[in-house]
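> Here you go, one structure.
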Amino acid sequence: MENYQIEPVGFIQSPYKQKFAIPRQPRLVPEAKAKLIFSKEFSREEFVRGIEEFTHLWLLFRFHETADKGYSALVRPPRLGGNEKKGVFATRATFRPNGIGMSAVKLEGVEYKNGQLALLLSGIDLLDGTPIIDIKPYLPYSDAMPEASAGFADTRPETLMTVEFSEQAAEFLATQADKSLPEFIANVLKQDPRPAYKKHKAGTQAYGMNLYHYNIRWQVDGEHNLVTEISIER
Ligand code: SAM
């Protein structure tokens with residue numbers, strides 16, 4: 001058996017500071033912006049010459065937070081309510097042999113400042129600090145297959161969730177310079193990050209997450225999210 005050692009070409013700076021509440025695929029929350037910061041060896045403009053001609057890129061990355069936790073042959077896709085098992089290679093599950101993920105994301109720009117090369121991206125589904133092992137342009141003529149069917153994941157997950165901000169949360173958001181923040185938070189919550197087994201529980205459930213440097217608390221009752229409090233993370 002051959003072993004490979006792979007060094008990341010860069011790392012992701014993402015608003016998603018923990019796994020919980022990250023969308024389950026890229027582009028589900030288009031407002032999710034990130035920076036790919038190149039490692040020193042690759043921090044030269046030559047490495048990305050021509051990349052701005054492409055609107056979208058494939059990122060290959062390591063599921064670094066869970067890669068050492070192993071894998072199993074069968075997994076329970078959230079799409080199937082966590083009740084049915086599928087083979088790991090028939091899913092996009094994070095716990096998989098080699099722990100490698102792939103995401104097609106939007107390229108918003110290239111930045112080269114003080115000898116540091118970075119790609120500006122959006123629509124990402126990646127945890128802060130994710131190591132990127134390769135980057136390739138997305139090629140619509142070859143990668144887009146409108147005739148393809150995708151079994152249990154054939155359509156974009158439907159969401160009927162509504163999102164409301166408490167008075168405190170709305171007042172807090174109004175003081176922030178980033179005016180896209182309310183829509184970003186709402187679209188993250190509309191993806192319904194709750195584990196499948198909690199979705200049918202009666203009564204109100206309380207949750208929390210960090211996005212950027214914000215601490216966000218919310219309650220879910222049926223299909224309704226109420227963002228109760230937003231504060232700056234200490
Ligand atoms: N688009 C990728 C793919 O298909 O390979 C990822 C799909 S995976 C289902 C998406 C989930 O991976 C996110 O919801 C998040 O919880 C998790 N995730 C993102 N970055 C991660 C990382 N660096 N380590 C472990 N889990 C991560």
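> For segment 53-78, enumerate the residues that are within 10 Å of the ligand (Cβ to nearest atom) and out of contact with any strand residue (DSSP E or B) (no Cβ under 8 Å at 6 or more places or on another chain).
Glu65, Thr66, Ala67, Lys69, Pro78 - these are the residues of segment 53-78 that are within 10 Å of the ligand (Cβ to nearest atom) and out of contact with any strand residue (DSSP E or B) (no Cβ under 8 Å at 6 or more places or on another chain).
> While we're here: With the checklist (1) assigned by TED's automatic domain parsing to the domain that holds Pro77; (2) free of Cβ contacts under 8 Å to residues at least 40 places away in the same chain in hand, flag the one item Gln219 doesn't pass.
Gln219 satisfies all of (1) assigned by TED's automatic domain parsing to the domain that holds Pro77; (2) free of Cβ contacts under 8 Å to residues at least 40 places away in the same chain except (1).
> Being outside the structural domain of His213 (by TED's automatic domain parsing) and more than 10 Å from the ligand (Cβ to nearest atom): is that true of Ala32 here? Explain how you work it out, then say what you get.
On the way: outside the structural domain of His213 (by TED's automatic domain parsing): yes; more than 10 Å from the ligand (Cβ to nearest atom): yes.
Yes, satisfied.
> Take segment 87-134 and flag every residue that is of a type in the set (S, T, N, Q) and either more than 11 Å from the ligand (Cβ to nearest atom) or assigned by TED's automatic domain parsing to the domain that holds Phe184 (or both).
Asn98, Asn114, Gln116, Ser122 - these are the residues of segment 87-134 that are of a type in the set (S, T, N, Q) and either more than 11 Å from the ligand (Cβ to nearest atom) or assigned by TED's automatic domain parsing to the domain that holds Phe184 (or both).
> Restricting to segment 103-138, and then to whatever is of a type outside the set (A, V, I, L, M) and part of a loop (DSSP other than H, G, I, E, B), can you tell me which residue is surrounded by the fewest Cβ atoms within 10 Å (Cβ to Cβ)?
The qualifying residue surrounded by the fewest Cβ atoms within 10 Å (Cβ to Cβ) is Asn114.
> Right, another one. Would you point out the residue of segment 192-234, among those that are part of a loop (DSSP other than H, G, I, E, B) and among the basic types (Lys, Arg), that is surrounded by the fewest Cβ atoms within 10 Å (Cβ to Cβ)?
Across segment 192-234, the extreme among qualifying residues is Arg234.
> Considering (1) of a type outside the set (D, E, K, R); (2) surrounded by fewer than 17 Cβ atoms within 10 Å (Cβ to Cβ); (3) within 30 Å of Tyr112 (Cα to Cα); (4) in contact with a strand residue (DSSP E or B) (Cβ under 7 Å, 6 or more places away or on another chain), say which one Gln5 fails and leave the rest.
(4)
The values are calculated or read from the model by the stated rules, or taken from the named source; none is laboratory data. If you're wondering where the values come from, they're calculated on a predicted model, not measured in any experiment. Counting neighbours? That spans all protein chains shown, and the Cβs are built from the backbone with ideal geometry, glycine included.
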